1. Strictly over 23 Å apart at the Cα level, which of A:LYS688/A:LYS716; A:LYS282/A:LYS448; A:LYS32/A:LYS750; A:LYS656/A:LYS688; A:LYS282/A:LYS452 would you flag in this model?
2. A:GLU326 to A:LEU515: extension gain in nm, 0.36 nm per residue of separation minus the Cα-Cα distance?
3. Compute the Kirkwood hydrodynamic radius of segment A:368-465, taking the inverse of the mean of 1/r over all pairs of distinct Cα atoms, and give it in Å to one decimal.
4. What is the packing order of peptides A:187-193, A:701-707, A:719-725, A:564-570, taking the mean over residues of other C-beta atoms within 10 Å and listing the highest first?
5. For a quick protection proxy, order the peptides A:288-296, A:141-149, A:863-871, A:605-613 by their average other-Cβ count within 10 Å, most packed first.
6. Output the peptides A:243-249, A:420-426, A:44-50 sorted from most to least packed, where packing is the average of other Cβ atoms within 10 Å over each peptide's residues.
7. Kindly write out, for segment A:125-136 in residue order, the coupling ³J(HN,Hα) from the Karplus curve 6.51 cos²θ - 1.76 cosθ + 1.60 (θ = phi - 60°), rounded to whole Hz, with x marking Gly and Pro.
8. Take the solvent-accessible surface of the protein heavy atoms, probe 1.4 Å, and return the percent of it on segment A:251-301 that carbon and sulfur atoms account for.
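The values are calculated or read from the model by the stated rules, or taken from the named source; none is laboratory data. Everything numeric in this text was worked out from a predicted model, so none of it was measured. So basically every Cβ, Gly included, is an ideal-geometry build from the backbone, and we count neighbours across all protein chains shown. Side chains included, ligands, DNA and RNA excluded: accessible areas come from the protein's heavy atoms. Shrake-Rupley method; radii C 1.70, N 1.55, O 1.52, S 1.80 Å.
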Amino acid sequence: MGYDFKNIEKKWQAHWAKNQTYKAENNSEKPKYYVLDMFPYPSGAGLHVGHPLGYIASDIYSRYKRHKGFNVLHPQGYDSFGLPAEQYAIQTGQHPAKTTQENINRYRQQLDQMGFSFDWSREVRTSEPNFYKWTQWIFLLLFDHYYCNTADQAKPIAQLIERFEQEGNQSVRAVCSTATPEFTAEEWKSFSSEKQQEILLHYRMAYLSETEVNWCADLGTVLANDEIINGVSERGGFPVTKKKMKQWSMRIGAYAERLLQGLDQIDWSESLKEIQRNWIGKSIGAKVFFQIEGHPKKIEVFTTRPDTIFGVTFMTLAPELDLVQEITPPANQEAVQAYIEETQKRTQRERMADVKNPTGVFTGAYALHPFTQERIPIWIGDYVLADYGTGAVMAVPCGDQRDYDFAKHFDLPIKNIFKNVSIEKEAFTDKGTAVIDHSDFLSGLPYKEAMKKVIDALEKQGCGEGTINYRLRDAIFSRQRYWGEPIPVYYKNKLPQPLALKHLPLNLPEVEKYLPTPEGAPPLGYAKNWAWDTQNEQVVDNSRIDHQTVFPLELNTMPGWAGSSWYFYRYMDAQNTEAFVGKSAVDYWQEVDLYLGGSEHATGHLLYSRFWQKFLYDLGLLPVEEYAKKLINQGMILGTSAFIYRKPGTQTYVSKDQVTDVSLWEPIRVDVNLVNSADELDVAAVRKWQPQFENANFEQTKGVFKVGREVEKMSKSKYNVVNPDEICEQYGADTLRMYEMFLGPIEQAKPWNTAGISGVHNFLKKYWRLFYNEEEWVVNNQEPSKQELKILHETIKKITQDIENFSFNTCVSALMICVNELTSLKTHSTSILSPLTLLLSPFAPHLASEIWSALGNESTLDYVDFPIANEAYLVEDTKTYPVSFNGKMRFTLELSLTLDNAAIQQAVLEDSRTAEYLEGKTPKKWIIVPNKIINIVI
RNA sequence: GCCGAAGUGGUGAAAUGGUAGACACGCUGGUCUUAGGAACCAGUACUUCACAGUGUGUGGGUUCGAGUCCCACCUUCGGUACCA
């Protein structure tokens, strides 16, 4: 009997579970270390080999840190609210809670078999009332706060009310969703309570407003910007249109600058930080106000190029702007209305596809140039976005390509205000070399100086100011779905009223259908018990709604990112019923030391969670402003799909080598598990796999049928999923863990290929044989040789360094080299093999534990100190130097390390081979790098 | 278009500016076996019988010495896109 991984792994998994080996303490003499994985959404498909990659890496690091004497928190949970369970419920009528529970059971089983050192006593599930109670509570806090620009932090709304009562809103610098008219203290007091509430709603961090939203009719819900890819929904790829709806939003825009600045404080990959920087999209420019001819209102535009203000030849407004209706003279109303309606019908994708053909219409109104008082025609066009800047642009066709295209298309004038630049073919957009011309007081100035001067002038005249704009939009928080956190508000006179903490959790009600109601309300519209009784402070039957004491509850639910924006704090104190996290727990753990997850969350979860963190930090509820000190993005493991090729219109399939022109054949995916590593298809198995192949004709070449290959995302629908259960069954979890690390650098995306796994499996068998020869235990107490000690300590040094650098693939190689060398030296000395076992422990914990116990240790190895490399064993007496002439390596020479440079020179000159390369010349220069190389320049 | 990352054998990949291809897969040959999807040994970048030469996307540069540093370009991948 050799390495019996099945029994070993079963044994140790049971041992760890029984002894709660990896339970972390909330106070300890040891230093703390918090390793977090992005928790999974428990999907019905189960885990494939790509999912555990990050968990394996974090588990290796966690285990290493335990060996290094840290109190390690390494929790796991489930992001269990979400669309797939709901879609499944719509199809089958099964309650999402039921399928979610089943999926979680399956996930847990799969996770357990891989030997992760999770502290399951802290498990969280976002769909559990005792968890979402606190998600709802955070929502209430957001509702109850506004963003004060003076203090640059969130403050209680009560303080804002106080200020309104004392001084009105003229001097209040706060972030506000729409331009609220100014009012005095007296006016504020004279407002009705409803009016006051309405105004306050414009200031709250969580606010309700009529907004243009991304509506996805097929999914029946709105989508956030990060849920749309290339103009279609991320989930399902359905078309997205713009629609006005009353929606909850989160004022993440208030934190734009702090979210940007915070990136400098954290150790995240530069590429990920750059993605967030781009998403936040800070741009520096100016606001300019243009008067409208014969109209009291002004048009406010944002521009990054106020220096080109003398090049303005028209203005363009977003068609959605209310102002458009106001300024359009009756003669143009019809055309303008028609255009507005047309743009609303177009999907985002259609708009994007038409970049080359700008659309728009003249409103008939004119604005006045702030410096020249020239009349500027006002157009509307859908190349101007309603929700960026002010939804209005001053069009400078000579300096902006879009304005240029628009002007060319509608035959509008183009005025060149750049010195010595031709704008015959395209706009001139280079700021670096621009010199302004034909621009009154700006003429002759380069970009930078013109910027300064024009902003001064604008501010002096009161028709503009320097300003900063961000691309980051406030995040829509309402979802017209069932399977999410209920938003804890009820409506009185159509105004939202928050519940209180003591009323939470507001449990998700039962519904008869998971679809929108016939009236178009979200699924919660089907709930029978979904009204709030303000007197008894409880949820009651809808039939009792009287709008006096019983009110309707909110029908929208929260988006997927709500629960995931704070879950990592819940792990610190998962059972707490008094607070989202206890004070002492958060004081102890502080923040996440290492966060592992995919970079696909860069503009979603990883931004929203930073936003909530900063908000809760402002309230003094959390101790740090950034929750994840270090973040590593594991690369995705891709699938290698297999294709067979069908003659169009027939049941004939040919082997890949007969396909010359792929376009003449229909590629059809087949299950990769029916193909061997030489790309040969098991034809008999395919016939059984799907009925369509049962009687098909497979044209083989020389008795084999080859498939075509393509690397793409691993997914059930592409039949390219490799299941970790089967790998564990065949090779064991330790082999799977090490092989996934061995595949390549952790941050890199790579296709899965099972073929190489035998190398890692052989390594573990080889390691086993250091201890057992057949049945016999061969470890002894012999004094290790100098050579053996050197091998061991070199390996310790390398492994320690590489783990610290998260270079786990080279760790595996180093262990392989070490075991190979010890095998050839026939080392069985316990003083070598015992530390080696500890080195193996983070990577192959089951096997290492088994050996550790076989070595006679009473306690398990999990908390035993990691070996430390002793430099004394690494010091060498001699060094084999490569000897180079003019940089070209010629031969090697073994020399004592005690020699000085002069002695080395002499030794080289004395070597018989040297003369051959010197060719009678004397060396011009010697370059001797100790321990590295000897180079002689002739 | 803009921003970012990366290009090394048949494959996955190693290389603090110092012998490129460690380690592993695959392949070839061998040992031992009734057998092997077992174990072990040897070989495996390219050209060449060999000697030797050429090789890290392309072209230049710095250096005694460059996969590594600098400049330009090409390709691939990721992000983003009427963002004014």
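1. From A:LYS688/A:LYS716; A:LYS282/A:LYS448; A:LYS32/A:LYS750; A:LYS656/A:LYS688; A:LYS282/A:LYS452, over 23 Å: A:LYS32/A:LYS750.
2. Stretched out fully, the A:GLU326 to A:LEU515 stretch lengthens by 64.1 nm.
3. 14.7
4. Details: A:187-193: 12.4, A:701-707: 15.1, A:719-725: 19.4, A:564-570: 24.9.
Those peptides, ordered most packed to least, come out A:564-570, A:719-725, A:701-707, A:187-193.
5. Taking the mean over residues of other Cβ atoms within 10 Å, the ranking is A:605-613, A:141-149, A:288-296, A:863-871.
6. Numbers: A:243-249: 17.3, A:420-426: 10.4, A:44-50: 18.9.
Packing order, densest peptide first, comes out as A:44-50, A:243-249, A:420-426.
7. Residue by residue, segment A:125-136 yields 9, 5, 8, 7, x, 5, 8, 6, 3, 7, 5, 5 Hz.
8. Whole-percent figure for carbon plus sulfur exposure: 49.
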